[in-house]
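Written out below as structure tokens is the structure these notes cover.
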Amino acid sequence: MSRVVLVTGGSRGIGYGIAKCFAACGDTVIINAREDTATLAKAVDELKLAGGNAHGFVADLADYEKARELYRNIKAAHGPVGVLVNNAGTAHYGLFTDMQLCDIQGVLANNLHATLNVSHLAVPDMVRAKSGCIINITSVWGITGASCEVVYSTAKAAVIGFTKALAKELGPSGIRVNAIACGAFDTRMNAQLSQEEKNAFAEDIPLGRFGYPGEAGALAVYMASAEYLTGQVVPLDGGLV
């Protein structure tokens with residue numbers, strides 16, 4: 001049976017890899033972008049070619065009212081979301097003491113508040129249906145912490161706590177909540193690294209390479225169908241931590 005799957009930040013990177021895997025399952029896949037309409041439209045076309053009934057929306061999910069409008073539009077057109085993948089997020093590399101307040105607030109908003117907002121909107125329909133799956137995309141830095149990514153690590157650690165707590169709260173309603181803690185992936189988020197820096201980083205990864213977005217997608221599809229899996233944070237990092 002086709003599911004309604006919302007992948008936030010699904011127009012590129014890990015989110016797109018996840019959306020593509022759900023599209024290949026024949027699901028109705030909804031993706032969003034904050035402002036890049038061209039990349040969003042291209043991604044939707046590619047998802048349709050992958051086999052999914054794909055649709056794209058522009059929305060800044062860190063803004064609760066915009067997130068509410070997005071969810072209302074999805075529900076009116078396709079029905080309530082059955083699988084929510086909270087992937088949207090941004091990174092900031094630099095010393096904590098050099099960050100401006102707007103940088104700190106932006107990282108928290110895009111990585112944590114967006115996850116809370118969309119989950120808050122999707123959960124009531126899942127509770128009514130006594131069914132649903134939420135998959136939060138976090139980072140291994142949320143587990144170990146990372147120098148020069150202090151606020152990003154903080155936000156991703158909060159997402160891990162949110163995952164574990166929400167899983168306990170929603171379990172009796174038949175809703176499962178899990179997280180994927182991604183390591184270094186070959187995406188635009190790591191594009192600021194030089195090839196030499198990437199090679200040096202890869203040497204610290206037991207599998208010797210960066211991850212690919214489709215690998216996160218394969219794990220997310222499995223999680224969406226693993227009926228006895230909840231409250232878990234699964235590192236997808238090539239053995240880094």
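Can you work out which of the residues in region 137-161 that are open to solvent by 30 Å² or more (accessible area, probe 1.4 Å) and in a helix (DSSP H, G or I) is nearest to Phe210 (Cα to Cα)? Within region 137-161, the match that is nearest to Phe210 (Cα to Cα) is Trp141. Here is a check on your reading of the model: is Arg72 free of Cβ contacts under 8 Å to residues at least 24 places away in the same chain, of a type in the set (Lys, Arg) and closer than 19 Å to Asn117 by Cβ? The answer is yes for Arg72. Note on region 83-112: residues that are open to solvent by 30 Å² or more (accessible area, probe 1.4 Å), assigned to a loop (DSSP other than H, G, I, E, B) and modelled with pLDDT of 95 or more total 2. Of everything in region 22-38 that is assigned to a helix (DSSP H, G or I) and over 17 Å from the mean Cα position of the chain (by Cα), the residue that is nearest to Val85 (Cα to Cα) is Ala24. Whenever a residue of region 33-45 is in contact (Cβ under 8 Å) with a residue 24 or more places away in the chain, its partners that are open to solvent by less than 80 Å² (accessible area, probe 1.4 Å) and in a loop (DSSP other than H, G, I, E, B), lying with C-beta atoms within less than 6 angstrom and at least six residues away or across chains, give the pairs Ala33/Ser11; Arg34/Asp60; Thr39/Ser11; Leu40/Ser11; Ala43/Ser11.
Residues of region 40-59 that are open to solvent by 50 Å² or more (accessible area, probe 1.4 Å) and not in a strand (DSSP E or B): Ala41, Lys42, Asp45, Glu46, Lys48, Leu49.
Within region 51-68, residues that are of a type in the set (Phe, Trp, Tyr) sit with their Cβ atoms under 6 Å from residues that are part of a helix (DSSP H, G or I) and open to solvent by less than 50 Å² (accessible area, probe 1.4 Å), at 6+ positions apart or across chains, in these pairs: Phe57/Leu70; Tyr64/Asn117. Looking only at region 194-210, decide whether some residue is closer than 16 Å to Val140 by Cβ, open to solvent by 50 Å² or more (accessible area, probe 1.4 Å) and in contact (Cβ under 8 Å) with a residue 60 or more places away in the chain. So far as region 194-210 goes, no, none of its residues is closer than 16 Å to Val140 by Cβ, open to solvent by 50 Å² or more (accessible area, probe 1.4 Å) and in contact (Cβ under 8 Å) with a residue 60 or more places away in the chain.
Of all residues in region 162-187, which are under 15 Å from the mean Cα position of the chain (by Cα) and part of a helix (DSSP H, G or I)? Don't jump to the end; show me each part of the working.
Applying the first criterion (under 15 Å from the mean Cα position of the chain (by Cα)) to region 162-187 yields 162-163, 177-185, 187.
Selection gives Phe162, Thr163.
The values are calculated or read from the model by the stated rules, or taken from the named source; none is laboratory data. Just so it is clear, the model here is predicted, and its values are computed rather than measured. Glycine also receives a Cβ, built like all others from the backbone with ideal geometry; neighbour counts cover every protein chain displayed. For accessibility, only protein heavy atoms count, side chains too; no ligands or nucleic acids. Shrake-Rupley method; radii C 1.70, N 1.55, O 1.52, S 1.80 Å.
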